[in-house]
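Enquirer: I'd like to ask some things about the structure below.
Each value in this text was obtained by applying a stated rule to the coordinates, not by laboratory testing. None of the values given here were measured: they were computed from a predicted structure. Heads up, the Cβs are rebuilt from the backbone with ideal geometry, glycines too, and the neighbour counts pull from every protein chain shown.
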């Protein structure tokens, strides 16, 4: 007899949680839980899945996914996200997630992702794949397209320094910092400080 498969829903969106409950209620082999502290959980890699909307922070603060992975190394993690967060998937993957899908997907698509997570241990939305590839490619060309000064400015910004502190440290004006950041955005084809910080944080081990 096949064992129950446990799904822990850790969602910060009530409408999405309701949708997932409806989708998964049609599968009697799935047992829904809402806390990682539930005593039903067992150390079994093939029967436990976390479905979450939690993402790593853009800084070095508490990381919910890394904490889940540290405590429950056998658990698979499926992250439900949105296209505008695709630039954060690399850091989310590094934090321990091994599946990604979109909030806008249909009930049938959600069910397919869940089944794939249990059988294969991974699943990625076809819509997200090109966005992921594009952002992964950006990470590999940082040192090729940015000057040494631009890399230094981006790193200082990623470490949390203000424009004024960056200007003092690099030896340029605050307007100079803004000018270089605009050049960095254009070269990396990004649009915000958040994207830049996520990009450099996910590459801090290799840069």
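Enquirer: Could you work out the helix-only [θ] at 222 nm for the chain, with each DSSP H run of four or more residues adding -39,500 (n - 2.57) and the total divided by the number of residues, to the nearest 500 deg cm²/dmol? Working shown, then result.
Expert: On the way: 10 runs with 98 residues, N = 207.
Theoretical 222 nm ellipticity from helices: -14000 deg cm²/dmol.
Enquirer: Follow-up question, since we're still on this one. Find the relative contact order for the chain and round it to a whole percent, using C-alpha pairs within less than 8 Å whose residues are 6+ positions apart.
Expert: It rounds to 17 percent for the chain.
Enquirer: Give the angle, between 0 and 90 degrees and rounded to the nearest 10, that separates the Cα long axis of helix 128-140 from the longest principal axis of the Cα atoms of the chain.
Expert: Around 40 degrees separate the two axes.
Enquirer: Tell me, 50, 23 in order of fewest to most beta-carbon neighbours within 10 Å?
Expert: 23, 50
Enquirer: Turning to a different aspect of this structure: Can you pull the one-decimal nm distance between simple spin-label points at residue 149 and residue 168, each 7 Å off the Cα toward Cβ?
Expert: 2.1 nm
Enquirer: I would also like to ask the following. Return the equivalent ellipsoid semi-axes of segment 5-134 as a descending list in whole Å, where each equals the square root of 5 times an eigenvalue of the C-alpha gyration tensor.
Expert: Numbers: eigenvalues 87, 66, 36 Å².
With the √(5λ) rule applied to segment 5-134, the semi-axes are 21, 18, 13 Å.
Enquirer: From Cα coordinates alone, what are the radius of gyration and Dmax values for segment 82-189 in angstrom?
Expert: Just the Cα atoms of segment 82-189 yield Rg and Dmax of 18.4, 56 Å.
Enquirer: Quick one: angle between helix 14-24 and the longest Cα principal axis of the chain, in degrees between 0 and 90, rounded to 10, please.
Expert: 40 degrees
Enquirer: I'd like the orientation of helix 174-188 relative to the chain: the angle between its Cα long axis and the longest Cα principal axis, in ° from 0 to 90, rounded to 10.
Expert: 50 degrees
Enquirer: Classify segment 141-201 as rounded, prolate or oblate, taking a ≥ b ≥ c as the square roots of the eigenvalues of its Cα gyration tensor: rounded when a/c is under 1.5, otherwise prolate if a/b is larger than b/c and oblate if not.
Expert: The shape class here is prolate.
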